[in-house]
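Asks: After the structure tokens below, expect a handful of questions from me.
Here, each number is a calculation from the coordinates, and none is a lab measurement. Predicted model only: the values in this text are computed from it and were never measured. Heads up, the Cβs are rebuilt from the backbone with ideal geometry, glycines too, and the neighbour counts pull from every protein chain shown.
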Amino acid sequence: MSESLERISTAILEGDEEKAPKLVARALRKQVSAKDILENALLVGMGEVGVRFKAGDMFVPEVLMSAEAMRASMELLRPELIREGVQLFGKILMGTVKGDLHDIGKNLVNMMCEGAGFEVIDLGFNAAPEKFLDAIKEHQPQIVGMSAMLTTTMRAMGYTIKAIEEAGLRDQVKIMVGGAPVDAEFAKRIGADGYGSNAPAGAELAKQFVGAA
Amino acid sequence: MPPAERLPIVVIACQVLEDMLERLLPENGRSVSQVTFMDYGLHRVPSKMAGALQDALDEIEEPSLIMLGYGLCGNGLEGLKAGKHTLVVPRTDDCIALLLGSYSAYRQEFAAVPGTYYLSKGWLESGSHPLSEYEEYLPKYGPKEAMWIMDMQYQHYERLMLVTHTQTDLVKYRPVAQQVARFCERWEMRYEERAGSDAYVRQLVEIAMALSRGEEPGQASGRDFVVVPPGGAIHQDQFIR
């Protein structure tokens, strides 16, 4: 990784909302491509945030600060990405499942997926299975993403997948799940197609689903 | 049937249950050989919780019946290995069911208002509530940023509930709970009080006693408790019901 990209990823990790976009602007002026900045600086920084959060070396406030630094950087980067003609990969329907009102993680995944070139339809939090069904019918997404932050609510992911199956819609979507208590084994058990251990991993998984990774 | 070998009971529990367990554990020290209350703070980092509990467990030399005063706690118990011991743990996601007295009481409250933040004597004393969290952020981030962090975390919550187990505790903890409640009015959270019940923890003690005597713990145990034999381990799927 070049020094300028490394400095951006450090600013993301440190949650420096002012420094990160400044460094992004500087890199753009130096003819570093927006795609390169996104993939090799912003996503790297956020990936490290995810790892440290899980290990208990970073807490919610720091993650929120990093997300803000990412958001501010993305605002600069988005027009450049469009100018560079980054391919659009399709639609993702995303929501925090029924009974769960934690949306910080889900919002982060949304931001990553948008950055990666997806259109994200956000169902918000406490989204019942019926809400997922209606939205699948309406928006015809390629991917459905679900988030849960509690062991109490993660089983609602399984119920939602079941409802999607029963409605005959399972074959038309890939399903990815994530959230603090979720792991790959649980994802498999409830019949999801994949699990993302943090926000950048979620976006990476989405790209794999559409054959873009 | 020949009498099974008695296992000494060792209690490893979260501090949040200290009060209740001290009331419920048998007074004479014959059956309970050791009681350790672990720091409240462990629940903040579930990925480190099992390690801390494993250390406490591995220190116990004599094969024992280990009564764990925990729930699955955000997968904090995931992977905990019994080793030469037998483990018994309430089959619940977290301590709220233990404070309310049953899993069904918890499900009922949860179904009614998913966005409920629970307060109890233990949690209030450990300073684990939104107001103290804000006070912790204040010097580090300043008022505006600190409040933004709070908003991001709590804006969708709807209810604050104080659970107490005695009239004395209700009177004692109501003022601080109400102070927290005033702070939480920012997110239009309403304040409620519930009389908790020690039924679930009482059952845990009874089942631990039965298991230590080598008795079959009865029907309720499979539904409400996870029992891990020597050599086994705790896994998330044992808690899902």
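Asks: What do you get for the angle between helix A:60-83 and the principal long axis of chain A? Use alpha-carbon atoms, 0 to 90 degrees, nearest ten.
Replies: 80
Asks: Relative to the first principal axis of the alpha-carbon coordinates of chain B, what is the inclination of helix B:103-112, with its axis defined by its Cα atoms, in degrees from 0 to 90 and to the nearest 10?
Replies: Once rounded, the angle reads 20 degrees.
Asks: Filter the trypsin sites (Lys or Arg not before Pro) in the range A:14-53 to those in DSSP coil with at most 13 other Cβ atoms within 10 Å of their Cβ, and list the result.
Replies: When the trypsin sites (Lys or Arg not before Pro) of the range A:14-53 are filtered for loop state and at most 13 Cβ neighbours within 10 Å, A:Lys30 remain.
Asks: Listed highest first by mean packing, meaning other Cβ atoms within 10 Å per residue, what order do B:146-152, B:95-101 come in?
Replies: So the peptides B:146-152, B:95-101, ranked by packing, come out B:95-101, B:146-152.
Asks: Sorting check: for A:99-106, B:65-72, which peptide has the highest mean count of neighbouring beta carbons within 10 Å, and how do the rest follow?
Replies: With the highest mean Cβ count within 10 Å placed first, the list reads B:65-72, A:99-106.
Asks: For A:Tyr195, which sequence-distant residues (separation of 5 or more, or a different chain) have an amide H within less than 5 Å of its own amide H, given hydrogens modelled in the peptide plane?
Replies: Placed amide hydrogens put A:Val177 under 5 Å from A:Tyr195.
Asks: With the cut-off at 31 Å, tell me which of the pairs A:Lys174/B:Lys48; A:Lys30/B:Lys144; A:Lys19/A:Lys98; A:Lys188/B:Lys81; A:Lys22/A:Lys98; A:Lys98/A:Lys188 have Cα atoms farther apart than that.
Replies: Listed pairs above 31 Å: A:Lys174/B:Lys48; A:Lys30/B:Lys144; A:Lys19/A:Lys98; A:Lys22/A:Lys98.
Asks: Output wanted: per-residue J couplings in Hz (rounded whole) for the range A:27-39, from phi through Karplus 6.51 cos²θ - 1.76 cosθ + 1.60, θ = phi - 60°, x for Gly and Pro.
Replies: Running phi through 6.51 cos²θ - 1.76 cosθ + 1.60 with θ = phi - 60° gives 4, 4, 4, 8, 6, 6, 6, 4, 4, 4, 5, 4, 6 Hz.
Asks: Right, something else. Using only Cα atoms and rounding to the nearest 10 degrees, what angle (0 to 90) does helix A:151-166 make with the longest principal axis of chain A?
Replies: 70
Asks: Which peptide among B:138-144, A:91-97, B:36-42 comes first, and what is the full order, when sorted by highest mean count of other Cβ atoms within 10 Å?
Replies: On the way: B:138-144: 11.0, A:91-97: 26.1, B:36-42: 16.0.
Result, highest mean first: A:91-97, B:36-42, B:138-144.
Asks: Explain nothing, just compute: Karplus ³J(HN,Hα) = 6.51 cos²θ - 1.76 cosθ + 1.60, θ = phi - 60°, for every residue of the range A:43-48 in order, whole Hz, x for Gly and Pro.
Replies: Taking θ as phi minus 60°, the curve returns 5, 5, x, 5, x, 5 Hz for the range A:43-48.
Asks: Given H placed on each backbone N at 1.01 Å, which residues far from B:Gly232 in sequence or on other chains put an amide H within less than 5 Å of it?
Replies: When sequence neighbours closer than 5 places are left aside, the close amide H contacts are B:Ala82, B:Gly83.
Asks: Once amide H atoms are placed 1.01 Å from N in the peptide plane, what residues at a sequence separation of 5 or more from B:Met38, or on another chain, have their amide H within under 5 Å of its amide H?
Replies: Residues meeting the criterion, in which the H sits 1.01 Å from N, are B:Ala13, B:Cys14, B:Gln15.
Asks: Using alpha-carbon positions, what is the distance between the centroids of the range B:123-163 and the range A:158-202, in Å?
Replies: Each part's Cα centre sits 31 Å from the other's.
Asks: Another question about this same structure. Which of A:Glu119, A:Glu48 has the fewest other C-beta atoms within 10 Å, and how do the rest follow up to the most?
Replies: Details: A:Glu119 14, A:Glu48 18.
Result, fewest neighbours first: A:Glu119, A:Glu48.
Asks: Enumerate the calculated ³J(HN,Hα) couplings along the range A:111-116 in order (Karplus 6.51 cos²θ - 1.76 cosθ + 1.60, θ = phi - 60°), each rounded to whole Hz, writing x wherever the residue is Gly or Pro.
Replies: Result, ordered by residue: 4, 5, 5, 4, x, 7 Hz.
Asks: Loop-only GluC sites (Glu not before Pro) in the range B:57-114, please: DSSP not H, G, I, E or B, and at most 13 other Cβ atoms within 10 Å.
Replies: Numbers: sites: B:Glu59, B:Glu61, B:Glu78, B:Glu109; in loops: B:Glu59, B:Glu61, B:Glu78.
For GluC sites (Glu not before Pro) across the range B:57-114 that sit outside H, G, I, E and B with at most 13 neighbouring Cβ atoms in 10 Å, the list reads B:Glu59, B:Glu61.
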